[in-house]
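> One structure, as structure tokens, below. Some questions next.
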Amino acid sequence: MSFVALGLAFLVLSVSTPVLAHHGFSVEFDKDSPLTLTGTVTKMEFMNPHIYFYVDVKGEDGKVVNWAFEGGPPNVIYRQGWRKDTLKPGDVVTVKGFRAKDGTHLAACSTVKLPDGREVSAGSGGVSQDAYGSGGADGKK
């Protein structure tokens, strides 16, 4: 009987650990700090648990800052039409998202305007896409 209890405890802990490790939007990102940035894609990472892509953005001072954008899980955005080559290094894109609370050059991406003019969703929902503002390379409105 104790082996059954031990096995059940192991199962409960092993299933719940990944759920506890995953963060929510509001833990890392600020819904009150929307931004819109345009720049050149430098890298795309299409893997779990979220996609990441990186964009060089030139600020008003002429300095280039490399921003990291977190998108939704690959399986979600794949169903929205994304592929591993949707963003390629050298593509000029406009990204709408929400800045990280820690002030780093990280943002949760919701939409990306591609070089061909299409605007595609990169998020898994949860934050209103009508809440955007625009910002410079420093992310301030």
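> Using each residue's phi in region 38-43, evaluate 6.51 cos²θ - 1.76 cosθ + 1.60 at θ = phi - 60° and report the 3J(HN,Hα) Karplus result to the nearest Hz, with x for Gly and Pro.
These are the phi-based 3J(HN,Hα) values: 10, x, 10, 5, 10, 6 Hz.
> Taking amide H positions as placed in the peptide plane 1.01 Å from N, state which residues far from HIS105 in sequence (5 or more) or on other chains have amide H under 5 Å from it.
Residues meeting the amide H criterion: none.
> Which value in nm describes the separation of the simple spin-label points at LYS43 and ASP56, placed 7 Å from the Cα toward the beta carbon?
1.4 nm
> With +1 assigned to the C-beta of every Lys and Arg and -1 to the C-beta of every Asp and Glu, and no other charges, what is the dipole magnitude of region 24-121 about the Cα centre in debye, to the nearest 20?
Here region 24-121 has a charge dipole of around 280 debye.
> For a quick check: with amide H placed at 1.01 Å from N, whose amide H comes under 5 Å from GLU45's, ignoring anything fewer than 5 positions away on the same chain?
The list, which skips near neighbours in sequence, is TYR52, PHE53.
Only the coordinates and a few stated rules stand behind these numbers; no lab work does. Not measured: the values here are computed from a predicted model. Neighbour counts are summed over all protein chains in view; Cβ atoms, including those assigned to glycine, are modelled from backbone coordinates with ideal geometry.
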